[in-house]
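Structure first, commentary second.
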Amino acid sequence: MPLLKDIYGDLQFSKTALQFDDKADSFTYANVKAEIFSENDFPNVLDMALDIEEKTLFPPNNNQLKNFRPSGLSGFQHKPYQDSNYNKTQTRTDFINPFFKALGWDVHNEEGLAEAYRHVVHEDALKIGRATKMNRDFLPDYSFRVGGVRKFFVEAKKPSINLKTDREPAYQLRRYGWNAKLSLSILTNFAEFAVYDCRVKPQKDDAPSVARVFYNGEKN
């Protein structure tokens, strides 16, 4: 299988890198993810590293103890994040928005640009066939643009959804990218990060690995 860079060149997802400035700082998914998680890989939960036994963190009868897995696991293996009640909106707010902001994208339009020139459009209306779909089922969570031109979509899911094995999220994203005639788009729940070649026509029964050119994640 060819490497991602062999297909798309020196692909970077930071807004700075898209300006093709050789002096621009280089960003990677891994190091920005680590920065958001902080040194402990356990965001906003504990002030100490989890390299000690759980019983030393909480009294034996503390109800919080049942919400933790053994030490040494990363933040997204922390049960509250994996719980189905932790939803997509929370995932976007807590992790995905800060991630792309750290890469240099104006996620919240802090520059106050007109709609046509925003760097990031949330729930971008997508034309499928002859109709422009405004139903939420047809709105990509993020549309990333340069000079008003779409470059890639990002579809977010909550961490309890397994992006490596579930068919529906991959089909949904690929359908967006195919209809918008984009070369690639991204599927993420922040614990997992998958890039799809959207030039391959999606089929409802495709395995989630079809057209997936990059995957980084913790799910089995």
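A few comments on the model shown:
- Fewest-first sequence of ARG212, ARG92 by Cβ atoms within 10 Å of each Cβ: ARG212, ARG92
- Put in line by how crowded their Cβ is, counting other Cβ atoms within 10 Å and starting with the fewest, HIS108, HIS122 read HIS108, HIS122.
- Pairwise FRET efficiency - ASN87 versus SER209, Cβ, R0 = 41 Å, nearest 0.05: 0.95
- Label-point separation, LYS201 to ASN216 (7 Å along Cα→Cβ), nm: 3.3 nm
- Annotation: the residues LYS204, LYS157, sorted from fewest to most other C-beta atoms within 10 Å of their own C-beta, follow the order LYS204, LYS157.
- Amide H contacts under 5 Å for PHE152, placed H, 5+ residues apart: PHE144
Computed from the coordinates by the stated procedures, all read-outs in this text should not be read as laboratory data. Because the structure is a prediction, the values reported are computed rather than measured. Because the Cβ atoms are built from the backbone with ideal geometry, glycine has one as well, and the counts that use them run over all protein chains shown.
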